[in-house]
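What follows is a single structure, written as structure tokens, with notes after it.
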Number of protein chains: 2
Amino acid sequence: MNLKELSELLGLSQTTVSRALNGYPEVSEQTRARVVEAAEANNYRPNSRAKGLATGRAMAIGHVIPASSQHEIVNPIFGDFIAGAGKAYAAAGYDMLLSVVSDKDEATAYRELQARGAVDGVLLHAPRREDPRIELLKQLKLPFVVHGRSDDASNSYSWVDVNNTEAFHEATRYLISLGHQRIALINGEERMGFAARRRAGFETALGEHGLFARDDQTFSGEMTEQLGYESTASMLTQVEPPTAVLCASLLIAYGAKRAIEERRLEVGRDVSLVTFDDAMSYMRNDGEVPMFTATRSSVHEAGQIAGEMLLGLIANPDRLTQQKLLKATLVIGQSTGPLLDDGAPLKVRLG
Amino acid sequence: MNLKELSELLGLSQTTVSRALNGYPEVSEQTRARVVEAAEANNYRPNSRAKGLATGRAMAIGHVIPASSQHEIVNPIFGDFIAGAGKAYAAAGYDMLLSVVSDKDEATAYRELQARGAVDGVLLHAPRREDPRIELLKQLKLPFVVHGRSDDASNSYSWVDVNNTEAFHEATRYLISLGHQRIALINGEERMGFAARRRAGFETALGEHGLFARDDQTFSGEMTEQLGYESTASMLTQVEPPTAVLCASLLIAYGAKRAIEERRLEVGRDVSLVTFDDAMSYMRNDGEVPMFTATRSSVHEAGQIAGEMLLGLIANPDRLTQQKLLKATLVIGQSTGPLLDDGAPLKVRLG
DNA sequence: TCGCTTTTTCAAAGCGCTTTGATACCGCGA
DNA sequence: TCGCGGTATCAAAGCGCTTTGAAAAAGCGA
């Protein structure tokens, strides 16, 4: 059923039917009611491509996700972020277009999306500290919102980010307040904006108390269980192992926990653990007293806010860039506790 | 830059330029070369919507993901499956359209996708045992491939599935061969096709050895760490706790492991664990000797195969339905071991 | 009743592409 | 020279919608 058929069926012109359905004022309420009813009855929906062609808008938002080799990691926060953003799009009648591309073709993918007119804007994921994609998108004049921030002048583009610096600053301060002095960091890849900021917050807090990060007690890499496990396992063989570990994701924390317990040590007693928690739907760390003490911020919410921001930018192109800094809140769980007194230092019990 | 501009620039008609770019034979190679070069130089890409309107094809595949409330779970395999399917789409020049809808609006979402002509086909996720969506899609005459199977006559539609029955049959047999008799199951939601099959495989293997599943040692629910933890924790308080547990996902297995170790028991010694492993990129269970004994099958690969199958169906609409059953392979890891001899039964050590 | 304004409806153009059916061109044998 | 079969190119229609500019219908005061 298309517009022509529907209008013939009603004995009206296509113009009138179109206007009736799109809520234009120059059609009588009586006619509108008739039209709406007939459209409903025949399950009529305007053809997306024809509508887009006529209006010059794609009514779609693009997400480019790089996934080159078989072993390339798919960002685990992806699903929840997408769900949040998708909700915003759906509410506004927009579609979500996903482009899975080999990572070296990413720039091409954006160019193509723009040249084809396939999307009205894009959402940029996982910005690196210096990210050429941002300049590219500006140049393409494609509206965009970044989930996270690069190191560049950050008011020159729109973004939604979580206060990573402050989150890890606070988490570290909390550990110090419990008496910990040897605090390790298992971070994400530090060429990523968020990971660099987390390290900065961590180091600032240490510095404020005359402490410093040891090279052999700071790690960074793809945020997997394995990274958490291996990093922690290696530290537990040191002469002076850390008494607390700060993890950049729940998966890392699981790995750290595994290494600790494998050594017959107790999390929260022998070694304290704090982790960043993206509040992912399938990996909850909540309840009365969560398993892990964590700085928590919902990536689902970030997705929704970013999606809404982008739609706003598209609806109102001459609006200034917008920024939104979400707070991560520190939640005390079972994985932290005060430093044990010197009478029973960790290294002795490790023996 | 659109076709009109490009053709004027070249002093050719739109027809010729279009044909040159689309590889039609009735244009001289010399002209074609000129056209291709100019298109390249001007970064020309045909407008997606105009092309779609003219050809009657959307060049897009739809995925509908239900995500109603804030707390609805997003399937953790989603990211990897999408990455696999997306790769297939990209290779064929197709876009991927994601619709995030509140779960009660799912049927409407499919209807709308079809009525709007927004997609040429859809990929159906997570079929329930009886799934009305399958009938709906047939009725809408929208080509589709199901990832998994319902209970219906399964050759009446196309699907890609993993041999869940056989996988859990084999896993259970393996545990029995190690001497285990009290084997627990922590399954996904059993209204889902895959979960029902896993239970069937499990029970069949037990039956073959005169064993049976105890009600208080079989669980099913959303496949989270918490489900694994709570189910296992509750079983370890029983008079005759299981000596082996079969888990439907790696997250469940993590939870089971946590409960076991919290009791100061050892996985693979006191309690054996076998899990289904979707080989997700951010949750690896591999290496020399993986942490968990598992039946492994790559969901990324399933996505790619399903995507390719759907594209084939679209390209060749009168082709019969197709089915592809992937095998899950049993990989021996560190989480299983022989039943300890009766001299030191589990329940005593549990004391 | 007429003429004017306001309301309601319509025909047709245009969005950027593909594709049909026709036309111009070219070389070649008769 | 003419005519014929390819080859290379083109003009125009059509895909399904929106939107402009015009026309018809209705309402209203004089």
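Read the figures in this text as sums done on the coordinates, not as results from a lab. Quick caveat: nothing in here was measured; it's all calculated off a predicted structure. Note that we place each Cβ from the backbone using ideal geometry, even for glycine, and neighbour counts take in every protein chain shown.
Structural remarks
- Cross-link reach is defined here as a Cα-Cα straight distance under 21 Å, omitting same-chain residues fewer than 8 places apart; for B:Lys4 the lysines meeting it are A:Lys51, B:Lys51.
- Potential extension, A:Gln14-A:Gln323 segment - 0.36 nm per residue separation minus Cα distance: 106.9 nm
- Chain B, helix-only ellipticity at 222 nm - DSSP H runs n ≥ 4, -39,500 (n - 2.57), divided by all residues, nearest 500: -12500 deg cm²/dmol
- Proportion of all alpha-carbon pairs of the protein assembly as shown beyond 37 Å (%): 46 percent
- Positive-pole candidate from A:Ser156, A:Leu136, A:His125, dipole of region A:103-168, charges at beta carbon: A:Leu136
- A Cβ-based charge dipole, computed about the Cα centre of the protein assembly as shown with Lys and Arg at +1 and Asp and Glu at -1, lands at about 1220 debye.
- For A:Val245, the residues whose amide H sits under 5 Å from its own are A:Ala184, A:Ser272, A:Leu273, A:Val274, ignoring neighbours fewer than 5 places away on the same chain, with H placed 1.01 Å from N.
- Listed residue (A:Ala184, A:His147, A:Leu21) projecting farthest to the positive dipole end of chain A, Cβ model: A:Leu21
- Between the amide H of A:Ser335 and those of A:Thr293, distances stay under 5 Å, these residues lying 5 or more places away or on another chain, with hydrogens modeled in the peptide plane.
- Tail beyond 28 Å, pair distance distribution of region B:213-351 (Cα, percent): 30 percent
- Two-site FRET efficiency, B:Leu330 against B:Arg57, from Cβ-Cβ distance with R₀ of 51 Å, rounded to 0.05: 0.75
- Taken about its Cα centre, chain A carries a charge dipole of about 620 debye when Lys and Arg each add +1 at the Cβ and Asp and Glu each add -1 at the Cβ.
- Residues with amide H under 5 Å from that of B:Gly62, placed H, sequence gap 5 or more: B:Leu97, B:Asp120, B:Gly121, B:Val122, B:Leu123
- Summary for B:Asn155: label point 7 Å along Cα→Cβ; distances to the equivalent points in the other copies, ascending, 6.9 nm.
- Cα-only radius of gyration and Dmax that characterise region A:272-348, units Å: 19.3, 65
- Förster radius 41 Å - calculated FRET efficiency between A:Ala200 and B:Lys141, Cβ distance, rounded to 0.05: 0.15
- Across all directions, the average flat footprint of the convex hull enclosing the Cα atoms of chain A is 22.1 nm².
- Taking 0.36 nm per residue of separation and subtracting the Cα-Cα distance, full extension of the segment from A:Ala92 to A:Val36 would add 18.2 nm.
- The 3J(HN,Hα) values that the Karplus relation (6.51, -1.76, 1.60; θ = phi - 60°) gives for region A:137-146 are, in residue order, 5, 4, 5, 6, 6, 9, x, 8, 10, 9 Hz. Gly and Pro appear as x.
- Here the spin labels are modelled as points 7 Å beyond Cα on the Cα-Cβ line, and at A:Ala107 and B:Glu29 they lie 3.2 nm apart.
- Overall, region A:12-74 carries a charge dipole of about 160 debye about its Cα centre when +1 sits on the Cβ of Lys and Arg and -1 on the Cβ of Asp and Glu, all other atoms neutral.
- When region B:39-127 is described by a simple charge dipole with +1 on each Lys and Arg Cβ and -1 on each Asp and Glu Cβ, the residue from B:Gly52, B:Gly62, B:Val101 located farthest towards its positive end is B:Gly52.
- The calculated FRET efficiency for the pair B:Ser156 and B:Asn22, based on their C-beta separation and a Förster distance of 45 Å, comes to about 0.80.
- Greater than 19 Å apart at Cα, pairs in A:Lys257/B:Lys257; A:Lys87/B:Lys138; B:Lys141/B:Lys324: A:Lys87/B:Lys138; B:Lys141/B:Lys324
- For A:Thr165, the shell of other residues with beta-carbons less than 12 Å away shows a net charge of +1, using +1 for Lys and Arg and -1 for Asp and Glu.
- Teacher prompt: A:Ala33 distances to equivalent labels in other copies, 7 Å Cα→Cβ, nm: 7.0
- Neighbour-count order for A:Asp277, A:Asp120, A:Asp270, B:Asp286, fewest beta carbons within 10 angstrom listed first: B:Asp286, A:Asp270, A:Asp120, A:Asp277
- Taking label positions 7 Å along the Cα-Cβ direction at both A:Lys4 and A:Glu266, the computed distance is 7.9 nm, reported to one decimal.
- Sorted from closest to farthest, the other copies place their A:Asp286 label points 3.4 nm away, with each point set 7 Å from Cα along Cα→Cβ.
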